Amino acid sequence: MLFNSFAFLFGYLPIVLAGYFLLDRWASSASWRLAPAMWLALASLFFYAWWDVRYLPLLLASICVNYGAGRLIGASAGAARKRVLVAALALNLSLLAYYKYANFFIDSVDAVAELAGAASLPWHGLVIILPIGISFFTFTQIAFLVDCYRGEVREYRFIHYVLFVSYFPHLIAGPVLHHRDMMPQFADPANAHPRAANFAIGLSIFTIGLAKKVLIADNLSPLAMPVFAAGVTPTLIEAWIGVLAYTFQLYFDFSGYSDMAIGLSRLFGVKLPLNFNSPYKAANIADFWRRWHMTLSRFLRDYLYIPLGGSRHGVAMRYRNLMLTMLLGGLWHGAGWTFVIWGGLHGLYLVLQQAWQRAFGAARTRWWPSVLTFLAVMLAWIFFRAPDVSTAWDIAGALVGANGVSLPRGLASHATSLAQWGMHPAFDGIRWIELAGPGLPVLLGAMLLAFRAPNTQEIFFLYEPAIERIFQPAGRWSFIWRPTRRWSVGFAVLFVACIFGMNRVTEFLYFQF
């Protein structure tokens with residue numbers, strides 16, 4: 001079930017909201033105070049089972065085992081405490097390794113053996129269907145276990161833990177939640193009371209996210225898909241259009257999901273952490289990672305980079321830790337060498353940035369670091385999206401004219417005068433770019449929005465004087481908002497436009513990770 005589907009918007013969501021608030025009204029006795037949270041947990045498990053009910057027992061087993069391990073860690077001391085933690089972490093990582101990386105490991109070993117001239121190994125790829133959201137609910141629980149070991153967990157109520165892990169707005173594609181942000185909210189009975197402000201804020205943010213997905217990201221997909229198909233040889237202009245299209249498709253797809261998750265959660269009185277903050281406006285690559293998938297960046301910093309030693313043991317170790325963190329972050333996104341290269345590129349970018357700042361200090365000019373950062377991120381997205389390394393290198397080469405500079409059909413018919421400059425106007429490349437369609441205007445509009453327009457949080461703060469914005473260290477935004485009639489009509493029109501634009505329902509790109 002997708003957030004941008006009619007079944008979710010007009011079936012699942014109204015039923016879950018109604019049950020949540022009705023149970024709060026009926027829960028007059030102390031024994032029924034957990035009823036709204038229990039209902040929301042059951043609804044979240046149903047949401048997960050909708051995708052593939054066969055993996056619901058896997059999610060439930062993971063929740064029960066990790067909850068028991070967390071309680072056991074909290075009750076243990078000394079060496080026993082550490083042994084329980086190591087065993088629980090090993091179990092989680094083994095589960096993730098089997099479902100997500102087993103075939104990648106087998107294929108890599110077979111490829112190395114083939115290159116070495118060895119006899120074919122008696123290994124074959126396993127028939128494994130990746131459980132949706134496994135990376136997110138595994139990382140969420142790993143953080144919980146580590147915090148139990150550190151003595152930072154105070155709330156162990158089982159129903160709240162089930163809801164913390166399975167909470168449907170975040171379960172499939174994030175954000176990566178932290179127990180200290182969420183468990184107190186689930187335990188607060190006041191959050192189950194319906195409030196007009198929560199509905200106004202939640203529906204507004206959700207509508208913005210829906211528009212990003214339906215009106216922008218989905219319309220960029222036809223420009224990007226043909227360029228990244230295996231075996232194609234895009235020419236220079238085709239490659240630039242396709243790579244830029246994917247760069248902004250992913251941006252608005254993930255930004256849209258993040259807004260929709262925050263808006264949906266706010267309907268239930270629960271505030272999710274901010275996960276997206278105009279990353280293409282970043283001044284450098286470190287700033288990009290403070291703005292892109294912010295909860296994952298914090299997880300990698302707190303539970304990987306700092307435990308590896310961070311920057312505490314000299315410059316060389318700092319660079320090593322940065323590279324290891326980003327390589328593992330790349331593997332987290334997907335089981336393939338393209339993701340390893342993507343993570344390695346970002347690790348290299350971070351190392352080069354740190355080295356530059358040590359040698360020359362921070363850049364004084366305002367424009368070129370941001371442009372260089374965007375181009376570096378765009379180059380890395382090629383490996384993130386490409387089906388294999390060979391295709392990625394071919395597309396990267398096409399950006400500098402390695403496959404020629406012939407014009408696509410839609411442009412060639414209007415640019416025959418360019419032939420005198422050595423550019424062949426005849427179409428001989430990928431038969432897909434139609435400039436008369438919505439793709440290119442949407443791409444230009446998406447670029448303008450990403451670089452120049454305020455993001456969702458800034459829109460609320462800048463253009464509605466009745467809104468107060470409070471940024472908390474944990475990464476949450478709180479809003480105090482009084483909607484105007486003009487604002488309400490505008491968002492209603494935008495929502496209707498999204499409904500009419502949902503002629504085909506597409507998954508969010510981050511669902512595959």
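The values are calculated or read from the model by the stated rules, or taken from the named source; none is laboratory data. Keep in mind the model is a prediction, meaning the values are calculated, not measured. Here Cβ is always computed from backbone atoms with ideal geometry, including for glycine, and neighbour counts include all displayed protein chains. Quick note on the areas: whole protein, heavy atoms, side chains included, nothing else; ligands and nucleic acids left out. Shrake-Rupley method; radii C 1.70, N 1.55, O 1.52, S 1.80 Å.
So what's the net charge close to Ala402: Lys and Arg +1, Asp and Glu -1, counting the other residues with Cβ under 14 Å from its Cβ? Walk me through the numbers before you get to the answer.
Details: positive: none; negative: Glu238, Asp394.
Local charge sum for Ala402: -2.
Which whole-number percentage describes the relative contact order of the chain, with Cα contacts under 8 Å and a sequence gap of 6 or more? Walk me through the intermediate numbers first.
Working: 676 pairs, mean separation 88.4, N = 513.
Result for the chain is 17 percent.
Based on the Kirkwood radius over alpha-carbon pairs, what is the Stokes-Einstein translational diffusion coefficient of region 229-302 at 10 °C with 1.306 mPa s viscosity, in µm²/s?
Numbers: Rh = 14.4 Å.
Once the numbers are plugged in, D ends up at 110 µm²/s.
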### Query
In the chain, what percent of the accessible surface is made up of carbon and sulfur (1.4 Å probe, ligands and nucleic acids excluded)?
66 percent
### Query
For Lys82, which aspartates and glutamates qualify as cross-link partners when the Cα separation must be under 16 Å and same-chain residues fewer than eight apart are set aside?
Asp147, Glu152
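For the chain, report the accessible area per residue in Å² (1.4 Å probe, heavy atoms, rounded to an integer).
Result: 46 Å² of accessible area for each residue.
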### Message
Based on alpha-carbon centroids, what's the gap between region 175-195 and region 142-173 in Å, whole number please?
### Response
11 Å
### Task
Mind jotting down the three principal axis lengths of region 40-142 based on Cα atoms? Whole angstrom, largest first.
53, 42, 18
### Message
Counting only helical runs of four or more DSSP H residues, what would the 222 nm mean residue ellipticity of the chain come to if each run contributes -39,500 (n - 2.57) and the total is spread over all its residues?
### Response
-19000 deg cm²/dmol
### Message
With a 1.4 Å probe and all protein chains kept in place, how much accessible area does Lys281 have, in Å² rounded to the nearest 10?
### Response
60 Å²
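So between Ala196 and Leu58, what do we pick up on full extension, going 0.36 nm a residue minus the alpha carbon distance?
Values: separation 138, 0.36 × 138 = 49.68 nm, distance 3.75 nm.
Once the chain is fully extended between Ala196 and Leu58, it gains 45.9 nm.
Would you mind working out the magnitude of the charge dipole of the chain relative to its Cα centre, with +1 at each Lys and Arg C-beta and -1 at each Asp and Glu C-beta, to the nearest 20 Debye?
With Lys and Arg at +1 and Asp and Glu at -1, about 1620 debye.
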### Query
What percentage of all Cα-Cα pairs in region 132-268 are separated by more than 25 Å?
45 percent
### Query
Which parts of region 136-156 would a label at Ala79 reach, counting a residue when its backbone N lies under 20 Å from a point 7 Å out along Cα-to-Cβ?
149-150
### Query
Among all the lysines, which ones have a C-alpha under 22 Å from Lys212's C-alpha, if same-chain residues fewer than 8 places away are not counted?
Lys271, Lys281
### From the coordinates shown, Cα extents along the principal axes in Å corresponds to which of [x] 84, 66, 50; [y] 76, 49, 44; [z] 78, 53, 41
[x]
### Query
In what sequence, largest accessible area first, do Cys64, Cys148 appear using a 1.4 Å probe?
Cys64, Cys148
### Task
Using packing as a proxy for protection, rank 267-273, 500-506, 169-175 so that the peptide with the highest average count of other Cβ atoms within 10 Å comes first.
169-175, 267-273, 500-506
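Order the following by accessible area, largest value first: Ile15, Ile499, Ile205. Probe radius 1.4 Å; ligands, DNA and RNA are ignored.
From most exposed to least exposed: Ile15, Ile499, Ile205.
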### Query
So what does Trp356 come to for accessible area, using a 1.4 Å probe and Å² rounded to 10?
120 Å²
### Summary
Within the under-14-Å Cβ sphere about Ile63, not counting Ile63, Lys/Arg +1 and Asp/Glu -1 give a net charge of +2
### Query
Ordering Asp253, Asp287 from largest to smallest accessible area (1.4 angstrom probe), what's the sequence?
Asp287, Asp253
### Query
In the full protein assembly as shown, how much of Phe46 is accessible to a 1.4 Å probe, in Å² to the nearest 10?
110 Å²
